[in-house]
Amino acid sequence: MKVLIISNSDLHGGAAIASYRLHQSLKESNVPSIMMVRIKLSHDYTVIGPKGKFKKVTNKIRASIGSIINRLHTKEVRGFRSGNWLPSNWARIINKMDVDLVHIHWVGAETLSIEDLGRIKKPIVWTLHDMWSFCGTEHYVADNEENKWLNGYKNKHLLNLERIVWNRKNRSWGENINIVSPSNWLTECAQRSLLFKNNRHYTLPNILDINIFKPIEQKLCRKILNLSEEKKIILFGAFGGSGDLRKGYDLLTEAIQELAKTNKNSNDFECLIFGQSKPEEDIDLPVQVKWLGHIHDDTTLALVYNAANVMVVPSRQDNMPQTATEAQACGCPVVAFNCTGFPDIVKHKETGYLARPYDPSDLAAGISWVLNNTDNEKQLGINAAKTANEKWSAANLIPKYLKLYQDVVDSGKDK
């Protein structure tokens with residue numbers, strides 16, 4: 001079984017990291033795997049990136065050109081968009097490669113054109129990291145019954161990019177694409193979608209390296225990172241996502257303010273933020289804040305998770321954020337909203353706390369519940385690490401991926 005993994009990048013972004021971790025795990029399991037990307041950041045010779053100065057330059061401007069086209073909307077839109085308008089010529093290359101199966105991951109931002117993806121003649125598995133594959137240009141959109149991805153973006157506007165892009169997907173893609181979703185929520189959305197309702201669907205989470213993301217003594221981690229050994233540390237990702245309503249940082253700010261009001265010992269709390277350096281303007285939080293900046297390696301990131309008492313992921317919508325799974329693998333309880341992909345990650349009051357969507361007061365109550373009961377926190381951490389080992393380790397998931405690959409290849413031979 002020779003596998004080709006297709007991704008926008010090998011290391012840039014959560015979806016890219018997830019696809020690269022799968023690639024590494026396949027190789028470690030002696031499965032011939034190669035990876036093809038637009039943006040190569042690793043030095044891994046098994047990852048095929050752009051070669052030559054001209055290709056590297058054109059690859060960098062592809063996403064910018066696509067972004068300009070995406071702005072030609074009839075009305076103002078929010079959130080990241082991908083139209084994948086530009087020719088890519090990848091299908092011709094892929095069809096000549098000596099591989100048995102193509103495993104597609106996140107391919108937005110002009111990685112390859114919609115039409116070119118449809119020209120791939122090899123058996124295809126596609127892991128969805130968001131909703132883009134069955135929507136128009138959107139990567140995330142509300143999942144209620146009023147949304148256009150359920151009916152094919154029917155409207156009277158001629159220049160509606162959502163409708164144009166969805167129609168291109170509908171013309172180019174068929175039922176031969178096998179859809180994998182890391183969360184049950186995304187599987188249900190894809191199954192309900194007009195575009196993929198007749199495709200085969202599977203739910204398989206992303207792989208974690210539990211040899212890196214594992215429990216380490218908290219005092220040691222804090223000493224290495226020069227953090228207080230006495231304070232309760234609340235960990236979350238950077239406020240760089242504050243412009244994205246989906247990420248819920250406005251709800252997190254409200255929750256921390258509520259926490260300070262309802263806890264007399266709020267001076268004993270400290271917020272630790274990774275992924276961004278301290279901004280020029282102060283953020284409105286009533287507790288001490290420390291900024292770690294961007295973390296470039298998993299080993300340091302594992303130390304950060306282990307140094308914290310609780311990880312908060314306040315997203316309104318998320319498939320299976322790796323900040324949540326990584327934290328749990330390190331034995332750090334996670335507090336999030338009981339929505340979208342989070343019930344697949346957090347077992348309420350067993351590995352963390354699932355708050356009422358989208359109630360900042362209950363989010364604060366969840367944080368307080370973890371921090372103010374040492375016995376709770378310790379047992380939650382033990383449960384979280386055990387769950388990670390059982391659900392997200394390569395030992396558990398690689399056999400499931402290989403069975404899926406074989407089933408897909410065999411079903412293609414039967415046709």
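The values are calculated or read from the model by the stated rules, or taken from the named source; none is laboratory data. It should be emphasised that the depicted structure is a prediction, and the values quoted were computed from it without experimental measurement. When we count neighbours, we look across all protein chains shown, and the Cβ atoms used for this are built from the backbone with ideal geometry, even at glycine. Accessible surface is based on the protein model in full, side chains and every heavy atom, while ligands, DNA and RNA are left aside. Shrake-Rupley method; radii C 1.70, N 1.55, O 1.52, S 1.80 Å.
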inquiry  = What do you get for GluC sites (Glu not before Pro) in the range 24-121 restricted to DSSP loop and a cutoff of at most 13 other Cβ within 10 Å of the site's Cβ?
reply    = Glu76
query = Can you give the Rg and Dmax of the range 159-220 based on its C-alpha atoms, in angstrom?
reply = 18.4, 58
Total lysine pairs whose alpha carbons fall under 27 Å of each other in the range 139-217 (8 or more apart, or interchain) = 8
key: Cβ-placed point charges (K, R +1; D, E -1), dipole of the range 306-403 about Cα centre in debye, nearest 20   = 300 debye
task = Run down the aspartates and glutamates and flag those whose C-alpha is under 16 Å from the C-alpha of Lys121, throwing out any fewer than 8 positions away in its chain.
result = Asp98, Asp100, Glu175, Asp410, Asp414
ask   = Where does the chain land at 222 nm, in deg cm²/dmol rounded to the nearest 500, when only DSSP H runs of n ≥ 4 count, each adding -39500 (n - 2.57), divided by all residues?
value = -12000 deg cm²/dmol
inquiry  = Given Cβ point charges of +1 (Lys, Arg) and -1 (Asp, Glu) and nothing else, what value in debye, to the nearest 20, does the dipole of the range 1-125 about its Cα centre take?
reply    = 400 debye
ask   = Considering only protein heavy atoms, what per residue accessible area in square angstrom results for the range 250-308 with a 1.4 angstrom probe?
value = 53 Å²
ask   = In the range 204-307, which GluC sites (Glu not before Pro) fall in coil by DSSP and have 15 or fewer other Cβ atoms within 10 Å?
value = Glu217, Glu229, Glu230, Glu280, Glu281
message = Using a probe radius of 1.4 Å on heavy atoms only, what accessible surface per residue do you get for the range 1-114? Whole Å² is fine.
response = 51 Å²
inquiry  = Taking the alpha-carbon distance from Lys264 and a cut-off under 20 Å, which lysines remain once sequence neighbours fewer than 8 residues away in the same chain are dropped?
reply    = Lys231, Lys232
query = Based on the Cβ-Cβ distance of Ile212 and Arg71, what FRET efficiency does E = 1/(1 + (r/R0)^6) give at R0 = 30 Å, to the nearest 0.05?
reply = 0.15
Listed residue (Thr374, Ser64, Pro123) projecting farthest to the positive dipole end of the chain, Cβ model = Pro123
request  = Express in whole angstrom the spacing between the alpha-carbon centres of the range 235-300 and the range 199-231.
outcome  = 18 Å
query = Length gain on complete extension for the stretch Lys2 to Thr374, per 0.36 nm per residue less the alpha carbon to alpha carbon distance?
reply = 129.0 nm
note = So the carbon and sulfur contribution to the accessible area of the chain, 1.4 Å probe, in percent, is 50 percent
ask   = For the chain, what is the charge dipole size about the Cα centre, in debye to the nearest 20, if Lys and Arg each add +1 at the Cβ and Asp and Glu each add -1 at the Cβ?
value = 1740 debye
message = So, for the range 323-415, what is the accessible surface per residue at a probe of 1.4 Å, expressed in square angstrom?
response = 41 Å²
note = Summed over the other residues with a beta carbon less than 12 angstrom from that of Leu86, with K and R at +1 and D and E at -1, the charge totals -1
